[in-house]
Amino acid sequence: MRLTTICAGVLLGIVILLRLDLSECLHMNVHPDKDAAVTVSSSLFLPLEQCSVCTVRGGENDTQTACHSSLALVPDENITLLFNCTELPQRAFAIQIHRKIDCTKDSCSPATGAAQPSLFPEFIRTLVWHLNVPEMTVLSLDFPSDRLKEMTEAEICQDGYQYAVTRTSTEGEVKTQTYCRNGLVAHLDILSNATVSLQVQNGGEVNSSIFTATAKPMKKQSRMMSVTPEPDTIVTISRDTKAKECSVCVGEGPTCNSKELVLKDAHNISVTFTCPQPQNLFSVQINRDIDCTEIACSGNIVQAESSLFPDFNRTFTWDLKVPPGLSFQLDFPSPGMRQIPPSESCPDEHTYTIITYQRTGPATIGMFCPDGTITTVQVLYKGRVSLQVPGDRKLEPLDFKVTVGPEIKMLAVVKVNLPRGVSDTNFLSANYPRGFSDNDLMRWDFMVPGMHNYTVNFLNYTAPLCRKKKVMVIYDKEGEVGIQKTLVDPQPTHRQGSFTMTMFNCETDKTKQGLSLHFRLSVMRSGHPVLCTVNLSEEEGPFLHIEKMGSDSHCEMRKDSVVQEKITVPSGTNASLSFLDCPSEDLRLTATKTIGTSLDSCSVSGTLLTVPKIPMCLPTLLQSFTWHLNIPVYGTVDLLSPTGNLRQSLPGQECNGSVSLHIAEGDGSSIGYFCSEGIIRKVQVHSNVSVTATAKDLSLNQGPFLNVSFSDEISESIIYTVQPRMGSPALLATPNWPNGMKPYSTVSWIVNLPGHLQANLLFTNISQPKCGQGHTCIKVQTLDSPEELLSQREDEAAEDKLMVPESFYLNMSNCLPEDRHFSVLSKVTLQNTSSKDLSIHDLAVSPTVVCLTQNHLYSSFVLYRKKKRTMVNEASIFVRKGNIFIPGDGMFPKTRSDNESHVYASIEDTMVYGHLLREPSYKDMHRPFLDPSESFMPSRPRTPINRHNSMGFMDRRMVDNELCTFKSTGDINTIRLSVRKYYNHFFLNIHCSKKIKGTLKQHNVTPSQSHFCEIKLST
């Protein structure tokens, strides 16, 4: 093949160019193979004068030509072609080369898929081979050069070589598979005629032989299956009469039948088909009988997934029979079934059919699909239910409940439960469209939801030629007289309430068409919507939320004409709302508002939480309003009641008012429910907070409910400031009580007491967890002292009560619980403090040892000032008076050895036994511990030797201050006491709590050789 490029102006008369630019001209000589049908076609769909291929008669200089947009070349003949196109010819034209390969049962001719590499190598070429084989012949294709890789039809081969193999079965079914090169497939077996194509892009090289083709007779194949029918089941295998020859065989003999085989025995059996794909020729029917007495039936229509013939077209049938005069009743699973005409099929390809057997023959009640409104069908006397499933579908059956129905005097009764809202449902008369049985009747029972209208429309019907009587349709409603209509009369429109529709047939002329009816029942809502325009464009912050309370509510809500299950109107917007059939009890109206600020922008007076006005046109009342309070960085939310103090709802002190306030942290963790008239002056929360006010109608009480301000950051999670009242016990509960506190969270109560009152602190309910990390801790200390009156963990013995003489802190911290939770309910009761009731919390007395030496009794005891326990988890405590201290820091500016806190000159016995004076049994027996008149020591000088303000002044008298400190230095002072007089008095009157008890190992005790024990004041 020779190519020559010339300009368009040289070839006068070939083509008249309509464009001013020059065209591309290509001149070539070609010679196709004798078995190749070559077609050259333009792929640009341009007019002939703009793009064409021409045949040149004679040599290159011959100007007599014939031009075409598509040209078929003559095989085995030289031809000169001239391409004239505004585009490059190699891009504008495509080449198709077709060849035929005919095969017998033994061979193919030609035996290779030949190609002509030199033909149009610069063009896009499609090489096509048509292979014809006789029936029962296997065509084998081998690709020696290019192993193939299967691809999807949408995929494109990147190297420009794309194969396609198309199979055409004897039934005319066409299947195509595409391939690319560089795969694993080198051999293909094809059982039918085939077409092989190879598309090569511009410049792609091809071999002279693409594949080899061989043919051989198909061996007679068979398929054997092992099946086990279920008890009381009949399996029938039937062949399509139009299908080609194939038999089904059973047994060792075997016994074969080319049309039908019936299996009844419930044991394993081998079934053999004499063709390789019997599922295309045979169908299977699996039948069961259900017999009913006057009371019950022998089973339900239940079809578990069957392993019998899964790839065959299957029909499952149940034959039902009841005593004469009665009906069998089929209850469909929720929501029900949908009736379809015979011309339609179910989306899931599971089609149910109900048939009844009459004297005149079988009649089809209807064909049904899942997901409809028909809940029950009652059929007279005897019938059949069938389920058809195609072979390529997995069986997904429904379970029908079968019971004995009532006595009916009609063909069938269909019960329908219509849905709420707008719906259109179609129904068909029995045996549609062939014709309803003579002198028979059928009834539909329609349950119409409340506040809905229905309309009946006859879409299509055929009226019979009546010999006796006439066709009628009667509508009955409970408590009303029935309405009789004919097929041509207007049917009921916009009616309300449930009703029955009964169709009566006449005695017909059987040579004419029968009675058939296709009708539609349309349902719509009957109420008038409540319209409301909500304008929040001028409101800052609030969001309105409206939702339906029940899933079966009749209510239909719309926002801007769009039906919604839940409506939200954001702040700064307005919306047109409508409510149809929405009573107030079916709706819930709530509102939310977000408040956030910085510490610098906070006003001194704070922000009052009030409920804005809600549009009166809304069909329900505002039941809750939630404020989301977002704290600034390093800030705290302070909550105060604008009308007094807050009260937490706790057992015995429940909130029974009209409004309840629920306070929760930003993550949803509940703090508690609160109301007014309590003891809580302030609540401080170190996180974002939500406050929800709840009432039957918040429009009656719009607040203010709380005063919100923001303060500096606190270390605790929550701090309560409380002011207990005399005569009314105050309950203090941990957050989320009776449930547990959050892991690692802390809570503090600042309990303020009047100066003349003391507090009896009682832990009424403590729930301790098993800690995985850390420990829980309960601590009590007065506001003006860093010393702890109580400190206990979850693994220590619990102390349930404590007397606190003045205002105090109650601090609690949680661990990371491994099991159970940490919650505490405390009760604070106030009582008067008498002049004699002095409490000591910095001093502890402990008898440590009694010494007996040389028949003399020696008594030794140690007076020590208890060291402060170091807190494991440091938490700052806010003190109203004095400086802020952090547990764990040093309490005094001096070291222990330098300060005077451990020096004691004398002991005031009322300071030791003051708590016992509150008990009447101890008041009479109490005497001063060291009465000067009974003292064995000489009287002390009233005037000190040194100056009183000197640190060296050694005054042995007790200083009358709160800490009971001493004016001497830290040196150990020895006091010598007679034991004979004070032994019984000491041990009878001293009662130490766990907090101040000591052990012998904790003290420095040195017995002497005299008749006395030495008592040393130890640091």
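The values are calculated or read from the model by the stated rules, or taken from the named source; none is laboratory data. Only a predicted model underlies this, so the values are computations on that prediction, with no experimental measurement involved. Glycine gets a Cβ as well: all are built from the backbone with ideal geometry, and neighbour counts include every protein chain shown. Note: accessible area is taken over every heavy atom of the protein model, side chains too, but ligands, DNA and RNA are not part of it. Shrake-Rupley method; radii C 1.70, N 1.55, O 1.52, S 1.80 Å.
A few remarks follow.
- On the basis of the beta-carbon distance and an R0 of 51 Å, Glu540 and Leu816 show a calculated FRET efficiency of 0.80.
- Contact order normalised by residue count of the range 589-682, Cα under 8 Å, 6+ apart, percent: 29
- A full extension of the chain between Ser307 and Ala111 corresponds to an added length of 66.0 nm, given 0.36 nm per residue minus the alpha carbon distance.
- For the range 24-177, dividing the convex hull volume of the Cα atoms by the residue count gives 150 Å³ per residue.
- Surface/4 of the Cα convex hull for the range 722-797, nm²: 6.2
- For the pair Lys219 and Thr486 in one chain, pulling the backbone fully straight at 0.36 nm per residue adds 89.4 nm over the alpha carbon distance.
- Rolling a 1.4 Å probe over the protein heavy atoms of the range 529-714, with every protein chain left in place, gives an accessible area that is 48 percent carbon and sulfur.
- Projection of the Cα convex hull of the range 585-689, averaged over all directions and equal to a quarter of that hull's surface, yields 8.4 nm².
- Accessible surface, 1.4 Å probe, highest first, among residues Ile679, Ile671: Ile679, Ile671
- The range 462-519 - Rg (one decimal) and Dmax (whole number), Cα, Å: 13.1, 41
- Element breakdown for the range 467-520 at a 1.4 angstrom probe: carbon and sulfur atoms account for 49% of the accessible area.
- When its C-alpha radius of gyration is set against 2.2 N^0.38 Å (N residues), the range 758-815 gives a value of 1.17.
- Compactness ratio for the range 409-567: Cα radius of gyration over 2.2 N^0.38 Å (N = residue count) comes to 1.44.
- Surrounding net charge for Phe519, when Lys and Arg each add one and Asp and Glu each subtract one, Cβ distance under 12 Å: +1
- Residues Lys470 and Arg520, FRET efficiency given R0 of 22 Å [Cβ-Cβ distance, rounded to 0.05]: 0.40
- The range 678-804 - convex hull of alpha carbons, volume per residue in Å³: 173
- For the range 529-714, the extents of the C-alpha atoms along the principal axes are 51, 41, 27 Å, listed from largest to smallest.
- Principal axis box of the range 616-678, alpha-carbon based, largest edge first, Å: 43, 35, 24
- Mean-position separation - Cα centroids, the range 172-215 and the range 673-732, in angstrom: 83
- Share of Cα-Cα pairs in the range 309-525 lying beyond 26 Å, as whole percent: 37
- With the simple spin-label model, which puts each label point 7 Å out from Cα in the Cβ direction, the Ser699 to Asn457 separation comes to 4.1 nm.
- Flagged links, alpha-carbon separation over 19 Å, of Lys801/Lys827; Lys468/Lys512; Lys469/Lys510; Lys468/Lys510; Lys175/Lys259; Lys682/Lys742: Lys175/Lys259; Lys682/Lys742
- Length-normalised contact order of the range 240-295 in % [C-alpha pairs under 8 Å, at least 6 apart]: 37
- Accessible area per residue in Å² at 1.4 Å probe, computed on the range 529-714: 48
- The range 415-478 and the range 279-329: distance between their alpha carbon centers, rounded to Å: 28
- If you take all other residues with their beta carbon under 14 Å from the beta carbon of Pro738, and give Lys and Arg +1 and Asp and Glu -1, the sum is 0.
- Amide hydrogen neighbours beyond the local backbone of Glu794, cut-off 5 Å, H modeled: Thr776
- Taking the protein heavy atoms of the range 717-832 in the context of the full set of protein chains, the accessible area attributed to carbon and sulfur is 49 percent at 1.4 Å.
- Pairwise FRET efficiency - Glu252 versus Glu294, Cβ, R0 = 45 Å, nearest 0.05: 0.45
- Annotation: Cα Rg of the range 97-240 relative to the compact-globule expectation 2.2 N^0.38 Å equals 1.34.
- Solvent accessible area, Å² - Ser690, 1.4 Å probe, full protein context: 20
- The range 20-218: relative contact order as a whole-number percent, Cα under 8 Å and 6+ apart: 23
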